[in-house]
Amino acid sequence: MKQMKIYDISIEIREGMGVWKDKDSKRPKIEITSTLKGGNANESRLHIDAHTGTHADAPFHFLQDGKKIDAVALNRFLGECVVIDLTKIKNRGIEKKDLANAKIRKNDIVILKTSNIYKDAFDFNFVYLTEGGAEFLASKKIKAVGINALGIERNQPKYNTHKILLGKGIPIIEGLELSKIKQGRYFFIGLPLKIKNGDASPIRAILVRF
């Protein structure tokens, strides 16, 4: 049996963690409701935005008639994956030309490893995916796309990158932690919670290499 290596590419959920545009309303709160010291068990309550940390966007996030997170097929969130190293790109969008030579297969989950570095303070100049880059990936008939940023687009008023991908039924995975991940092929697993009528869900994302 081949040896299996698992890479955790999820951001830790904690109070004070980095969130989209440093909005306090999006910061999670972890409340301890009872402890063994005063009761029979340790229990806690989690107050969290669906787009916290490592999470998946469903089509309903930007498309009123799009599938909600509980209706998106689970096979969209696991399968063959290609990590593309785009760390040479600084302070601009990922375009079609940057992806043209990548070895992307039909039904791949495509992970974009950029020069973005996760910090508690939000980086407003993060590397993102342009409309042209989104159209190129959609044309490849991929399963899903992920990026190591808390969002996949930046300063695009009509949110066309999201709409292009979600319009093709391609979930978007944001908030990946890829600092120790090398370019290449893996098996990706990152299942969303079964949230009724949800537009997104936190996920625990991993890469597996055999």
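The values are calculated or read from the model by the stated rules, or taken from the named source; none is laboratory data. Note that the structure is a prediction, hence the values are computed from the model and not measured. We place every Cβ from the backbone using ideal geometry, glycine too, and count neighbours over all the protein chains shown. Accessible surface is based on the protein model in full, side chains and every heavy atom, while ligands, DNA and RNA are left aside. Shrake-Rupley method; radii C 1.70, N 1.55, O 1.52, S 1.80 Å.
Can you give me the C-alpha center-to-center distance between the range 89-166 and the range 8-57, rounded to a whole angstrom?
Between the Cα centre of the range 89-166 and that of the range 8-57, the gap is 26 Å.
Within the chain, what percent of beta bridges assigned by DSSP are antiparallel, to the nearest 5?
Numbers: 25 of 38 bridges.
Antiparallel bridges make up about 65 percent of those DSSP assigns within the chain.
Given a cut-off of under 8 Å on Cα pairs at least six residues apart, what relative contact order in percent is computed for the range 14-118?
On the way: 118 pairs, mean separation 19.3, N = 105.
Across the range 14-118, relative contact order equals 18 percent.
What are the radius of gyration and Dmax of the range 58-111, computed over its Cα atoms and given in Å?
Rg then Dmax for the range 58-111, in Å: 14.4, 37.
List the relative contact order of the chain as a percent without decimals, with contacts defined as Cα pairs under 8 Å and 6+ residues apart. Intermediate values should be presented prior to the final figure.
Numbers: 495 pairs, mean separation 65.8, N = 210.
It comes to 31 percent, rounded to a whole number.
About its Cα centre, what dipole magnitude does the chain give when the only charges are +1 on Lys and Arg Cβ and -1 on Asp and Glu Cβ, stated in debye to the nearest 20?
Values: 37 positive and 24 negative charges, 153 e Å.
For this selection, approximately 740 debye.
Report the paramagnetic label zone for residue 208: residues of the range 1-22 whose backbone N is under 18 Å from a point 7 Å from Cα along the Cα-to-Cβ axis.
1-10
Can you tell me the Rg and the Dmax, both Å, for the Cα atoms in the chain?
Over the chain's Cα set, Rg and Dmax evaluate to 17.3, 60 Å.
Among 68, 180, 26, whose mean-square fluctuation peaks in a Gaussian network model of the chain (Cα, cutoff 10 Å)?
Per the Cα network of the chain with a 10 Å cutoff, 180 tops the list.
Consider just the alpha-carbon atoms of the range 102-181 and return their Rg together with their Dmax, both in angstrom.
Just the Cα atoms of the range 102-181 yield Rg and Dmax of 12.3, 36 Å.
Rounded to the nearest 0.05, what FRET efficiency do residue 96 and residue 70 give with R0 = 35 Å and r taken as the Cβ-Cβ distance? Could you check?
Values: r = 33 Å, r/R0 = 0.94.
It comes out at approximately 0.60.
Restricting things to alpha carbons, find the Rg to Rh ratio for the range 75-140 using the Kirkwood radius for Rh. Numbers along the way, then the final one.
Working: Rg = 12.6 Å, Rh = 12.8 Å.
Rg divided by Rh gives 0.98.
Given an 8 Å cut-off on Cα distances and at least 6 residues of separation, report the relative contact order of the range 100-192 as a percent.
Details: 119 pairs, mean separation 28.9, N = 93.
For the range 100-192, the relative contact order is 31 percent.
So for the pair residue 183, residue 120, with labels modelled 7 Å out along Cα→Cβ, what separation do we get in nm?
Going by the 7 Å Cα→Cβ label model, 3.4 nm.
Considering only protein heavy atoms, what per residue accessible area in square angstrom results for the range 1-80 with a 1.4 angstrom probe? Mind showing how you got there, number by number?
Values: 5310 Å² over 80 residues.
Here the residues of the range 1-80 average 66 Å² of exposed surface.
How many percent of all Cα-Cα pairs in the range 36-81 sit more than 15 Å apart? Walk me through the numbers before you get to the answer.
On the way: 667 of 1035 pairs.
Of the Cα pairs, 64 percent sit more than 15 Å apart.
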